[in-house]
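A.B. asks: First the structure, then my questions, so here it is.
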Amino acid sequence: MMTAHRVEEIRSFHAALSTRYRTDPAAITALERHAVLSMMAELLEHAEGTLER
């Protein structure tokens, strides 16, 4: 189960990264791209679990 704290961490990371991406798309690092993909997978897994209930 995903906690409210984890959701807020993801939102904060997304907001910061989105701002940087609008300013300079090339500034996004491979590690940050990997983090985004991992967070997306985590959110999808949570959504699937929610839908199964």
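None of the figures in this text is laboratory data; all of them are computed from the coordinates on show. Quick caveat: nothing in here was measured; it's all calculated off a predicted structure. No Cβ is skipped: glycine too gets one built from the backbone with ideal geometry, and neighbour counts run over all protein chains shown.
A.B. asks: What is the spin-label model distance, in nm, from THR50 to HIS5 if the labels are put 7 Å beyond Cα along the C-beta direction?
C.D. replies: Once both label points are built, they end up 2.0 nm from each other.
A.B. asks: Here is a further query. Could you tell me, in Å, what Rg and Dmax come out for the Cα atoms of the chain?
C.D. replies: Using the Cα atoms of the chain, the pair Rg, Dmax is 12.9, 41 Å.
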